[in-house]
Amino acid sequence: MEIKHQDKIFCCQGCKTVYEILHENDLTYYYDIQNAPGISPKEIEGKYDFLENESIVNKLLEFNDGGTQVVSFLIPSIHCSSCIWILENLNKLFPDVKSSQVNFPEKTVRITMAGSEKSLKNLVILLSRIGYEPYISLEDSEKKEKKKDRSLIYKLGIAGFAFGNIMFLSLPEYFVEYDFWLDKFKPFFRWIMFAFSLPVVFYSASGYFISAYKGLRSRILNIDVPIAIGIVALFVRSTLDIVMDWSTGLFDSLAGLLFLLLLRKFFQQRTYSYLSFERDYKSYFPIAVTRLTKNENDVDTEEQIEVNDVKKGDRLLIRNNEILPVDAILMKGKALIDYSFVTGEAEPIVKKSGDRLFAGGKQQSGNIEVSVLKPVSQSYLTQLWSNDVFQKDYKSSFQSITDGISRRFTAVLLTIAVVATTVWLFIDSAKAFEVFSAILIVACPCAIALAAPFTHGNLLRIYGRAKLYLKEAPVLEKMAKVDTIVFDKTGTLTTNQKNVVTYEGVELTQYEKELLTGTLRASNHPLSRSLYTILSNSNIQMPEEFHETIGKGIEGKYKKHTIRVGSYDFVDAGKRKDENESPNRTEVHISTNENYRGCFVFINEYRTGIKEVFEELQPKETVVLSGDNDGERAYLEKILPSGTAMYFRQKPDDKLNFIKNLQAEGKTVMMIGDGLNDAGALKQSDVGIAVAENTNVFTPACDGIMEAYQFPKIASFLELATRGRKIIIWAFMFSLFYNIIGLSFAVTGNLKPVVAAILMPLSSISIVVFTTMMTTRAGKKLKLEKN
């Protein structure tokens, strides 16, 4: 039964309700785009009852804890910007939805919502009723294989087949002026050409017509509008030619045009897929995990392995502030998990032994042991890295230019075509159609639109191979503008692999050593890791309670015993500083049960090539920030260029405020740190790079992760970003030059439509080849890409 409401017809009460919700939230613009308000594609009553089954729901959910659920759906009907708009406004239609992100190329939507017994079912029903029924297959919960859309290949094949046959049938008329049998069968051959053109126009070209129609309905002149008009013009003109027996028409040009356009689209699609493959599966950022295995004496030993080597049933050690890279069961330790990395909500959740833990949670209460339930791919962690919660306000200047050109291009092009055609109707009416079609076809902003994405895509691949993993393309534009680089000292300029450590103070008892080792084991600070490596031969006494004060130290408690490790003020504030602390050394102090015991003195080993790195970065401003005392100032002044600013005893908040002050002066700041005590500064900076050195710490605050041994290449990384910016500008100029030259030939009637169809994809191909070759050459020149 039809339901009428506000002069609109609905198929059911549910659809009427959705319209009312859209109307109340000022979202009725959706119906201007979709044309048929509230029309439900299928009857869905009872279809999704299986989503009330808890075991099925758990298989489909990526995350389900603390009242929050995360699920990803494949939505085959996603096709344009209006689809993205409605799906990313789901929170206004379904109050349980907290956020939703659309991946347009993959046709997927990732939804975070408040969890309840029927939330998932109700969400799926809502999506189905507004025309975005998700594709749900229980097999997909185990293996995520996507169906390939082969429609473009079919369209290309039909266009190619028709093009070849039409050319074969039209050749005699091109080369023979008069022949009795040709003249007798000419109409028959022309109608066969017409028949071959029908599937080309109504099937192969359907994508252009649909896109143009949707664009016009949305009051947007997209690039497919002039292409669709050109196709119609050629078809109508050619049909009139054979109906009126004027000539053989331009069916060969029409079929050739569609074949070449589709070939360009196929090439572009394959190239994007290649770049996506390079980005998602080869350019993994380095995440290591600590696996626990029993030796011959049945004692746990630790080994660092890559996350993709983790298998079901492995036992992992997760330290304080480490990210869980897998779904697992808590086996031992006190878990306080912060799932803000996944859900955006920073309220930690307490877990007990036997509870399930989800990938992406951060442990915040000492170290825990977990048993792996299922490995999680690094592509999932990459997706978490791109969560909106951790996004900076990136503004791509090139994207703004591209969008501006694309918005105005079609209107200008149509104006030129109409004016030129009108003039040619007075000069040579027979040629007017060809001029009109050639103008619409030869000019294309696609080459301009491809310049930045392909340049950035290839640069991301080069950076990934050189072990610098960037979050997204706009980071490259920021890197090209950097004029100030701020370095953290400990763990960034220094390496924890070669530290020389001595102990000064009262000899520790065996029990104190065991408790100290267990407490250090839970921390990921570079100095803690160095000490733990030295003391790891001691038996380990795991603390019952663990607390880490960022920038100060760590505290562990076991039964009635307390141990503090860190700065002098942190471990023993009751004594005068000058009694035990030297201002000229890097020291880690220890107290047990509020009794000062002594300190470990570190002689830091600085990374190879620091002097050269700072010299290569000139004339950019360089700054060193450190939470340590200034004991190594004199040494740093010797190896660093004069004028390098150095600030010591900087707490995490001090580092963050220092970055803010530089930005207030109008500077573009890159912060390079280890991602531990400087996470706030990394997030505040214009470009934040975390240095990874055998560490499991992965912070979403950074824009890039660099493997530590690539530290000497920092200047080359920045130079490549600068060259990439120049390459894009050159590509823009080349594209504009092509369009101006092509239009001038088309307007003057010196360009056939079929030749225009050949030039159009060649312009896009040439841009892809140019940007790829130039970026690869730049990478090789800077020794970031292999010859």
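The values are calculated or read from the model by the stated rules, or taken from the named source; none is laboratory data. All figures in this text were calculated on a predicted structure; none of them were measured in a lab. Cβ atoms come from the backbone with ideal geometry, glycine included; neighbour counts cover every protein chain shown. Only protein heavy atoms, including side chains, enter the accessible area calculation; ligands, DNA and RNA are left aside. Shrake-Rupley method; radii C 1.70, N 1.55, O 1.52, S 1.80 Å.
Against the definition (outside any strand (DSSP E or B), at pLDDT 85 or above and at negative phi), how does residue 379 come out, yes or no?
Numbers: outside any strand (DSSP E or B): yes; at pLDDT 85 or above: no; at negative phi: yes.
So residue 379 does not fit the description; no.
So how many residues does region 230-288 have that are over 30 Å from residue 415 (Cβ atoms), modelled with pLDDT of 80 or more and surrounded by 14 or more Cβ atoms within 10 Å (Cβ to Cβ)? Number satisfying all stated conditions: 1. Say we look at region 468-500 and pick out the residues that are surrounded by fewer than 16 Cβ atoms within 10 Å (Cβ to Cβ) and at pLDDT below 85; which of these is nearest to the chain's Cα centre (by Cα)? Within region 468-500, the match that is nearest to the chain's Cα centre (by Cα) is 497. For residue 544, the conditions (1) under 35 Å from the mean Cα position of the chain (by Cα); (2) more than 21 Å from residue 597 (Cα to Cα) are fulfilled apart from (1). Looking only at residues that are open to solvent by 20 Å² or more (accessible area, probe 1.4 Å) and out of contact with any Gly (no Cβ under 9 Å at 6 or more places or on another chain) in region 619-630, which one is nearest to residue 718 (Cα to Cα)? That would be 620.
Give the residues of region 705-724 that are among the small types (Gly, Ala, Ser) and under 11 Å from residue 693 (Cα atoms), sorted by residue number.
708
Among the residues of region 609-623, write down those that are in contact with a helix residue (DSSP H, G or I) (Cβ under 7 Å, 6 or more places away or on another chain), part of a loop (DSSP other than H, G, I, E, B) and on the phi < 0 side of the Ramachandran plot. Within region 609-623, just 617 meets the criteria. Going through region 313-342 one residue at a time, which ones are open to solvent by 20 Å² or more (accessible area, probe 1.4 Å) and part of a loop (DSSP other than H, G, I, E, B)? Across region 313-342, the qualifying residues are 313, 314, 321, 333, 334.
Residue 464 - would you say it is within 28 Å of the chain's Cα centre (by Cα), part of a helix (DSSP H, G or I) and under 20 Å from residue 630 (Cα atoms)? Break it down into steps so the answer makes sense when it comes.
Numbers: within 28 Å of the chain's Cα centre (by Cα): yes; part of a helix (DSSP H, G or I): yes; under 20 Å from residue 630 (Cα atoms): no.
Judged against the criteria, residue 464 is not a match.
If you filter region 646-661 down to residues that are open to solvent by less than 30 Å² (accessible area, probe 1.4 Å) and farther than 20 Å from residue 569 by Cα, you find that the one that is farthest from the chain's Cα centre (by Cα) is 646. If the condition is being in a strand (DSSP E or B) and crowded, with 24+ Cβ neighbours inside 10 Å, then region 359-376 contributes 363, 368, 370. Screening region 675-691 for residues that are at pLDDT below 85 and open to solvent by 20 Å² or more (accessible area, probe 1.4 Å) and picking the one that is nearest to residue 484 (Cα to Cα) gives 683.
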